[in-house]
Amino acid sequence: MSAGFERFPAPAKLNLFLHVLGRRADGYHLLQTVFRFIDRSDEIAIRVREDARVLRLNDVPGVPADDDLCLRAARLLQQVSGCRLGAELEVIKRLPIGGGLGGGSSDAATVLIALNRLWRIALSREALARLALQLGADVPVFVFGRNAFAEGVGERLQALDLQPAWYLVLEPQVAVSTAEIFSAGELTRNSEAITIAAFLRGHGRNDLEPVACKRHPEIAHHLAWLRQYAKAAMTGSGACVFSEFETESEARRVLGQLPAGMRGFVARGLERHPLYPEDAG
């Protein structure tokens, strides 16, 4: 990488449950979910430019520059702040596209947080979160920076302290279209709302899972394999599935049983986003 770049992490998230409660008149779905950050991440390298140009220097397979949330995030921040600086971005992808791990949303949030600092704009985290919602429903939680119980379309966030845990995440080799899953006629959209206390007692499921499994049998196959060893669920709209373990060694023991042709990794649950300020509550 060329000189002058700074590197910033963009961690993955898991949805520990995801209920679809209804649908608004504008088509957005009303949700309840718990977001948990894990220590698997993309990385964004940024170099400030003295002109106002915002460029992505590398190709990202499956993500044309015109559709890249990172570029949209940078230009939105420019627009609202009036900043006359620009930036060059390199997006180092480690998280699968269409995997339900929030990679694109996390990348965009990292760009907002990093450029707010590098361009010396000094918007509050709350103001950045409002911008984040313009980019997508999953972007605000990465700006919020804490594991969270989320409601609304995913933007009403309540910080949640979660127990230390390790996760085995399997990566079916399919890319799932979130829009396709949410628009499916058979999707259940009338789940009952639950409380945080009910979630902590073990209640909750992923309402998107049956729809994704029907359209992508690979997801169902990975879930069935994982459920031989532990309780398992899909994250987001798929395709990735996961199980939670108390220790790294338990998670790695199951990973060691993974058949040829399946891919997976072990990750530690984080207490907060790695770019969350040390002095924040």
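The values are calculated or read from the model by the stated rules, or taken from the named source; none is laboratory data. Treat the numbers as computed from the prediction; the structure is a model and nothing was measured. In this analysis, Cβ positions are derived from the backbone assuming ideal geometry, glycine residues included, and neighbour counts consider all displayed protein chains.
Values computed for the structure shown
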read-out	value
Exclusive hit being assigned to a helix (DSSP H, G or I) and over 22 Å from MET262 (Cα atoms), set ALA212, ALA198, ALA220	ALA198
From the options ALA239, ALA193, residue that is under 16 Å from the mean Cα position of the chain (by Cα), of a type in the set (A, V, I, L, M, F, W, C) and not in a strand (DSSP E or B)	ALA239
Of residues in segment 143-185 being at pLDDT 95 or above, part of a loop (DSSP other than H, G, I, E, B) and of a type in the set (D, E, K, R), the one farthest from CYS213 (Cα to Cα)	ASP161
Pick from segment 96-132, criterion in a loop (DSSP other than H, G, I, E, B) and either acidic (Asp, Glu) or under 10 Å from the mean Cα position of the chain (by Cα) (or both), ranking: surrounded by the most Cβ atoms within 10 Å (Cβ to Cβ)	GLY100
Which listed residue, of ARG23, ARG75, is without any contact (Cβ under 8 Å) to a residue 24 or more places away in the chain and surrounded by 13 or more Cβ atoms within 10 Å (Cβ to Cβ)	ARG75
From the options LEU18, LEU31, LEU14, residue that is in contact with a Phe, Trp or Tyr (Cβ under 7 Å, 6 or more places away or on another chain), surrounded by 17 or more Cβ atoms within 10 Å (Cβ to Cβ) and at negative phi	LEU14
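Residues are listed down the side, and each one gets a yes or a no for (1) in contact (Cβ under 8 Å) with a residue 24 or more places away in the chain; (2) aromatic (Phe, Trp, Tyr); (3) touching a helix residue (DSSP H, G or I) at 6+ places or on another chain (Cβ under 6 Å):
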| residue | (1), (2), (3) |
| --- | --- |
| ARG40 | yes, no, no |
| LEU89 | yes, no, yes |
| LYS93 | yes, no, no |
| PRO96 | yes, no, no |
| GLY99 | yes, no, no |
| ARG117 | no, no, no |
| LEU123 | yes, no, yes |
| ALA129 | yes, no, yes |
| GLN134 | yes, no, no |
